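Undergrad: What follows is a single structure, and I will ask about it in a moment.
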Amino acid sequence: MNLKTVPLGVIGVLSAVAGAIGYSLVPEKLWIATLLEVSALLCLITFSIVHFSGLKAFTTRRSTRLGANSIMMILLFVAILAIVNFLAARHSIRWDLSENQNFSLAPQTYRVIRSLPREVSVTVFTREKDPGYQAYKERLDSYRQASSKISVEFVDPERQPKIAQQYGISRTDTAVFESAGQTVRVNAPSEVELTGALIRVSQDSKKRVLFLEGHGEPSLDDRERTGLFAAREILIKQGYEVGTVSLLKEEAVPDRTAILIVAGPRRPVTAEEQERIYTYVEKGGHLLLFIDPDTQADLNPLLKRWGLGVGPGALVDLQDRLAQGDLTSLLVRTFTEHEITSDLSAAVLFPLARHITFDEQVGSAWDYVPLARTSPNSWAETDMKGRVVNLDEKEDIKGPLPMAAALSPKVAPEEGKPRPAIVVIGNSTFATNAYVNFPGNSDFFLHSTAWLAEERNIMAIVPKDSALRPFTPNPLEERALLYLQVILLPATMLFSGIMVWRKRRRL
């Protein structure tokens, strides 16, 4: 036996393949891959020397030259594909063809990503078989492509238990956002959760939102229908620090308060408290007022100082209201052009609201914008003892009437000083647990707080988890559907059937 009878070429190729596979499986044992690759190189060199004459004769054949040309064309085509794939990976373009644009980020999210002050790393602890894996991957790929400051890593807690233990992960489908020593965790792959975490982790300090208490306002800890627990959770997810304050105990609104919310007080607010609220606003504070009809909390003395007021009675709208609901359950669709209402796409439900008034002479220094109005077929009902069906032009106030308004100074403050702002809404029930998740309510609530906090990038993000869009008809639309489905369509089918029957009978 001599070297010519040994399949050195086959041994060399097999050794090269084995080295590559070994390195991919156990990269820490580099010496094994190195030994296999060196052996492959020696075998191939020896094979070339031993079979030099045969190789020389083989390369001079016509068939070999034609084969070499084919191989060169194949290699060129593979190289072109590799270059195209490389460019596509670096500069990829995605098209979202889903019905509800489920894989496209909301404009609010793009504003947050563009304003990122520093790099953010996201570590997702999930397995490929877990339900949240694909949702995390699709959404975070969109975040990563929108900004180079966002890096994403997926970790299987079963294969890499040390990393999971280091982060204290007790459940899968958990994403950890890290930036400059701050950490935020997310347990759901929704865009609202991910963007909220991105906001919180990229800010050095959170803006504080305080709710006034001590006058029968709904509780932030109350999970029942009348509580504000859901509203508090929405604010926390959007990056705010939420708390309460009692101006009966405090002599002033605490420093660093970005927004003071007075949410539906039932008992009187004392003159001293109103004076403290006024002082807070005049120093550049931001006030959000929810004032319900039929309440003993007389805030008119405070509002009059800015030219504002709340009208008597409750609003009734025969056109823009919830179908089959009470006449005072307003489904508001008419908004004035403003930063708060610019992105609103759904109607806002205001159960039992009152209207807002403004005196231009008293509030001449303020820019007054009515945010939401009732329809022309509405009025403020001053007598709520009986069932409301007709407008009394002598007692009631004819619409359209504003039920929410924004107030800001016409003249910008001196440089370095904060700019005061006020939003008054003639209803507090829309933000309670029973209604805040209604399409449009959470948007309106968050848009108002974002405008007051001077953070346009923190806005409500409409969930895209379902392509089903509920249709909420007003009374006019409800009657039209009734006539169409119950009367017109069956009558048309009956008439068509009679005509066909008569035509066949004549044959």
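Undergrad: Given 0.36 nm per residue, what is the gain on full extension from Asp294 to Thr492 after removing their alpha carbon distance, in nm? Spell out each step's value before the answer.
TA: Values: separation 198, 0.36 × 198 = 71.28 nm, distance 5.01 nm.
Extra length available between Asp294 and Thr492 comes to 66.3 nm.
Undergrad: I would also like to ask the following. Give Lys249/Lys283; Lys237/Lys410; Lys304/Lys410; Lys283/Lys410; Lys137/Lys162; Lys149/Lys237 a once-over and call out the pairs whose C-alpha atoms are over 25 Å from each other.
TA: Listed pairs above 25 Å: Lys237/Lys410.
Undergrad: Could you put Leu331, Leu371 in order, starting from the residue whose Cβ has the fewest other Cβ atoms within 10 Å?
TA: Leu331, Leu371
Undergrad: Label points 7 Å out from Cα along the Cβ direction at Ser115 and Arg504: separation in nm?
TA: It works out to 6.9 nm between the two label points.
Undergrad: In percent, how large is the relative contact order of the stretch 107-186, given Cα pairs closer than 8 Å and 6 or more residues apart? Can you show the working numbers first?
TA: Numbers: 102 pairs, mean separation 31.5, N = 80.
Worked out over the stretch 107-186, it gives 39 percent.
Undergrad: Modelled label-to-label distance, Leu25 and Thr183, 7 Å Cα→beta-carbon offset: nm?
TA: For Leu25 paired with Thr183, the spin-label model returns 3.6 nm.
Undergrad: Output the Cα-based Rg and Dmax of the stretch 137-243 in Å, rounding Rg to one decimal and Dmax to a whole number.
TA: When restricted to Cα atoms, the stretch 137-243 yields Rg and Dmax of 16.9, 55 Å.
Undergrad: Right, here's the next one. Order these by the 10 Å Cβ neighbour count, fewest first: Ser428, Ser15. Don't skip to the answer; put the middle values down first.
TA: On the way: Ser428 28, Ser15 20.
Least to most surrounded, the residues fall as Ser15, Ser428.
Undergrad: Now for a different question. Give a residue-ordered list of calculated ³J(HN,Hα) values for the stretch 222-230 (Karplus: 6.51 cos²θ - 1.76 cosθ + 1.60, θ = phi - 60°; whole Hz; x for Gly, Pro).
TA: Rounded to whole hertz, the list is 7, 8, 6, 4, 8, x, 10, 4, 5.
Undergrad: Using θ = phi - 60° and the Karplus relation 6.51 cos²θ - 1.76 cosθ + 1.60, list the HN-Hα couplings for the stretch 481-488 in order, rounded to whole Hz, with x at every Gly or Pro.
TA: Listing the rounded values in order: 5, 5, 5, 6, 7, 8, 10, 5 Hz.
Undergrad: Now for a separate question. Using θ = phi - 60° and the Karplus curve 6.51 cos²θ - 1.76 cosθ + 1.60, what whole-Hz ³J(HN,Hα) does each residue of the stretch 338-348 get, with Gly and Pro shown as x?
TA: So the Karplus estimates, Gly and Pro as x, are 6, 4, 5, 9, 4, 9, 6, 10, 10, 5, 10 Hz.
Undergrad: Another question, then. For q values of 0.13, 0.17, 0.18, 0.27 Å⁻¹, compute log₁₀ I(q)/I(0) with the Debye formula on a Cα-only model of the stretch 107-186, without solvent.
TA: -0.41, -0.68, -0.76, -1.35
Undergrad: Search the structure for amide H atoms under 5 Å from the amide H of Val269, placed 1.01 Å from N in the peptide plane, and list their residues when 5 or more places away or on another chain.
TA: Close amide H contacts, sequence-distant or interchain: Asp298.
Undergrad: On to the next question. Using the Kirkwood radius over Cα pairs, work out the Stokes-Einstein diffusion coefficient for the stretch 200-304 at 10 °C and 1.306 mPa s, in µm²/s as a whole number. Walk me through the intermediate numbers first.
TA: Working: Rh = 14.4 Å.
In µm²/s, the coefficient rounds to 110.
Undergrad: Using the Cα atoms of the stretch 205-452, I'd like the radius of gyration and the largest Cα-Cα distance, Dmax, both in angstrom.
TA: Reported Rg and Dmax, both Å: 17.3, 55.
Undergrad: Rounded to whole Å and sorted largest first, list the principal axis extents of the Cα atoms in the stretch 301-375.
TA: Cα extents, longest axis first: 42, 30, 17 Å.
Undergrad: Cut-off is 10 Å between beta-carbons; in what order do Ile291, Ile261, Ile487 appear when sorted fewest neighbours first?
TA: Listed from fewest to most nearby Cβ atoms, that is Ile487, Ile291, Ile261.
Undergrad: Just to check, using Stokes-Einstein with a Kirkwood Rh over alpha carbon pairs, what's the diffusion coefficient of the stretch 181-236 at 10 °C and 1.306 mPa s in µm²/s?
TA: Numbers: Rh = 13.3 Å.
After rounding, the answer is 120 µm²/s.
Undergrad: Amide H neighbours of Arg321 under 5 Å, counting only residues 5+ apart in sequence or on other chains, H built in-plane at 1.01 Å?
TA: Excluding prolines and chain starts, which carry no amide H, the hits are Leu331.
Undergrad: Using modelled backbone amide H atoms (1.01 Å from N, in-plane), which distant-in-sequence or interchain residues come within less than 5 Å of Thr174's amide H?
TA: Those lying under 5 Å, H to H, from Thr174 are Phe125.
Undergrad: Then there is this: Grab the beta carbon distance between Arg225 and Arg479, set R0 = 22 Å, and tell me the FRET efficiency rounded to 0.05.
TA: Working: r = 30 Å, r/R0 = 1.36.
Calculated value: 0.15.
Read-outs: derived from the displayed coordinates by stated rules, not from any lab. This is a predicted model, so every value here is computed, not measured. FYI the Cβ positions are ideal-geometry reconstructions off the backbone, even for glycines, and counts take in every protein chain you see.
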